[in-house]
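Q: Mind having a look at this structure? Questions to follow.
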Amino acid sequence: MNLTIERSRLIAYSGLVKHIVKRGTSKIAVEVEPDILNKLENEQLKPRKHPGVIKLSRIELPINIAKALQKAVGDYPVKALLEDAKKLNRFLSKRHPPPEPDEINTKMSRIIEEINAVMPIEKTSQLNEVEKRKWQQRRDNLVRKRFSERTYAWKPIVYGPYEAIVYALGRGAKEFAALKRILQEIVNRDPDFKPNSYLDFGSGVGTGMWAVSTLWENTLYEYFNVDSSREMNDLSELILRNGNENHEIPLRNVFYRQFLPALETKYDLVVCSYSLFELPSTKHRQDVLLNLWAKCDGYLIVVEEGTRRGSQLVNAARDLILSLDNPKAAGHVFAPCPHDKICPRFSNLNDRTPCNFETLYEEPQHCKISQAYGVACYSYIILKKGLPQEANSWPRIVRPTLVRSRHAICRMCTSEGKLQEVIFTKSKHGRFAYRCAKASRWGDRLPIIIGEPFSTKEMSPYSTESKENTLSNSLDNRSTSI
């Protein structure tokens with residue numbers, strides 16, 4: 001009887017152990033970067049302030065921009081503007097790039113095959129001319145219906161004066177927060193970078209210009225904004241003038257154009273934010289990106305919505321630039337990837353999770369309806385001209401850190417181009433690694449080196465494997481004695 005109970009307990013416990021071992025991520029060896037570890041041990045640095053953390057609370061618009069936005073609204077009804085802003089945000093969050101000719105042809109071929117199975121052409125031989133025309137009309141209507149149901153009906157967005165105001169109220173604070181969070185990493189990691197010139201493709205109402213001017217206003221002497229909408233450019237300039245056309249622009253040398261300049265002028269910082277969805281084809285997007293990369297003399301930043309489609313466009317831009325063979329056009333990924341390899345999110349075709357990040361932002365006072373803050377979800381890539389000067393090996397946290405009792409779970413993208421989950425505990429990984437992980441958030445980097453899994457010899461005698469082996473050996477001994 002006792003032997004039966006012991007065997008039942010062992011079977012149940014083995015099932016539990018298998019479930020635990022399947023995750024097994026607390027057994028990954030982790031070491032804190034030696035320089036960082038030395039500072040932590042000497043109390044020169046606190047774990048919650050390690051260099052991989054980008055500590056930004058809810059990001060607010062600059063006061064002058066928020067006031068200028070309020071003035072720019074003028075006599076428009078604010079409630080109607082905010083309702084339309086919500087609709088615009090919902091529409092853009094579901095935006096797809098335009099379908100390519102090959103994609104359209106493939107879908108059409110599949111639909112025609114389906115229709116042929118239901119309405120075979122052979123039946124027309126039994127019909128007279130009038131019946132044939134009706135039959136063909138029904139068939140064509142069915143093809144068009146199925147094609148419209150399965151194909152995204154892309155069309156360019158036209159922004160007039162009213163639509164520009166709606167965009168500014170609904171998107172201004174959100175895009176500013178995302179760009180500020182992205183640019184802050186350059187400030188933190190490359191403090192010697194002091195851009196003198198700035199190019200913004202798809203500048204919209206000027207959110208990129210607002211962000212860069214808060215960080216490098218003293219060194220920037222040229223802001224070159226490109227947007228196909230004249231109304232967007234006019235509103236952007238009005239906001240810079242604090243909502244009054246007679247005021248001077250506080251920034252130096254601000255220019256607006258509706259097309260990219262043909263001159264081979266170089267810019268230290270080039271931004272393409274929330275614009276790739278508006279380009280009519282893959283070829284057009286590639287031409288624009290190559291043009292921007294040719295004009296870049298420092299950093300190129302590409303930002304899109306944090307959806308699967310937005311993440312795909314950003315990844316395509318990343319792959320395009322990294323695939324260039326010309327040594328003069330060489331570049332590397334600065335952020336968020338700690339590698340130049342294939343993105344692990346897209347190497348696995350079954351993984352539909354986008355590579356995206358989040359940041360909180362404060363809504364302007366005149367835009368608040370229910371909650372005082374919003375969440376900006378975005379996908380981005382920062383590419384830097386030239387070969388990397390130092391290894392970018394710190395893993396990036398790509399999902400929210402789960403802080404639990406006596407452990408913290410981090411899902412990270414590593415320098416090996418893989419996604420790795422590690423369950424940090426003080427006993428397994430040390431006090432400093434655990435506290436650094438506990439203090440880090442989605443989008444931060446961890447100053448650690450990820451090694452191989454712990455060997456069984458290094459494991460604690462109270463680990464799950466040790467318990468299983470002890471219980472198994474005990475049961476075997478009892479079986480032998482019986």
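The values are calculated or read from the model by the stated rules, or taken from the named source; none is laboratory data. The structure displayed is predicted, hence computed values, not measured ones. Here the Cβ positions follow ideal geometry from the backbone for every residue, glycine too, while neighbour counts run over all protein chains shown. For the accessible areas, the whole protein counts, side chains as well, though only heavy atoms, and no ligand, DNA or RNA atoms are used. Shrake-Rupley method; radii C 1.70, N 1.55, O 1.52, S 1.80 Å.
Q: Just the residues that are hydroxyl-bearing (Ser, Thr, Tyr), modelled with pLDDT of 90 or more and either open to solvent by 60 Å² or more (accessible area, probe 1.4 Å) or not in a loop (DSSP other than H, G, I, E, B) (or both), please, taken from the stretch 122-162.
A: Selection gives SER148, TYR152, TYR162.
Q: Take the residues of the stretch 399-438 that are free of Cβ contacts under 8 Å to residues at least 60 places away in the same chain and assigned to a loop (DSSP other than H, G, I, E, B): which is most open to solvent (accessible area, probe 1.4 Å)?
A: Checking each candidate, the answer is ARG406.
Q: In addition: Tell me whether the stretch 215-232 contains one or more residues that are in contact with a Pro (Cβ under 8 Å, 6 or more places away or on another chain), more than 24 Å from TYR361 (Cα to Cα) and among the acidic types (Asp, Glu).
A: yes
Q: Given the criterion open to solvent by 60 Å² or more (accessible area, probe 1.4 Å), among the acidic types (Asp, Glu) and farther than 27 Å from SER93 by Cβ, identify the matching residue among ASP268, ASP325, ASP287. Walk me through it before giving the result.
A: Working: ASP268 fails: open to solvent by 60 Å² or more (accessible area, probe 1.4 Å); ASP287 fails: farther than 27 Å from SER93 by Cβ.
None of the other options fit; the residue is ASP325.
Q: Here is a further query. Output the number of residues of the stretch 234-262 satisfying the condition of being over 24 Å from ILE63 (Cβ atoms), open to solvent by 80 Å² or more (accessible area, probe 1.4 Å) and not aromatic (Phe, Trp, Tyr).
A: Number of matching residues: 2.
Q: Taking the criterion of being under 30 Å from CYS436 (Cα atoms), hydrophobic (A, V, I, L, M, F, W, C) and modelled with pLDDT of 90 or more, would at least one residue in the stretch 20-35 satisfy it?
A: To start, the set of residues in the stretch 20-35 that are under 30 Å from CYS436 (Cα atoms) comprises 20-35.
Now restrict to residues that are hydrophobic (A, V, I, L, M, F, W, C): 20-21, 28-30, 32.
Checking which are modelled with pLDDT of 90 or more leaves us with 32.
Yes; the residues of the stretch 20-35 include at least one that is under 30 Å from CYS436 (Cα atoms), hydrophobic (A, V, I, L, M, F, W, C) and modelled with pLDDT of 90 or more.
Q: I'd like to check something: does the stretch 382-398 contain any residue that is of a type in the set (S, T, N, Q), crowded, with 19+ Cβ neighbours inside 10 Å and modelled with pLDDT of 95 or more? Steps first, please.
A: Step one: filter the stretch 382-398 for residues of a type in the set (S, T, N, Q), giving 389, 392-393.
The next check asks that each one be crowded, with 19+ Cβ neighbours inside 10 Å; those that pass are 392.
With the extra rule that they be modelled with pLDDT of 95 or more, the set shrinks to none.
No.
Q: Further, regarding this structure: Name the residues in the stretch 40-92 that are touching a strand residue (DSSP E or B) at 6+ places or on another chain (Cβ under 7 Å), outside any loop (DSSP other than H, G, I, E, B) and open to solvent by 90 Å² or more (accessible area, probe 1.4 Å), would you?
A: Listed by number, the list is empty, since nothing qualifies.
Q: Can you name the residue in the stretch 235-244 that is outside any loop (DSSP other than H, G, I, E, B) and touching a residue at least 40 places away in the same chain (Cβ under 8 Å) and is also nearest to TYR221 (Cα to Cα) among such residues? I'd like the intermediate steps shown before the answer.
A: Here is the first cut: in the stretch 235-244, the ones outside any loop (DSSP other than H, G, I, E, B) are 235-240.
Add one more test, that the residue is touching a residue at least 40 places away in the same chain (Cβ under 8 Å), and what stays is 235, 238-240.
On the way: LEU235: 21, LEU238: 20, ILE239: 19, LEU240: 15 Å.
Ranking the qualifying residues of the stretch 235-244, first place goes to LEU240.
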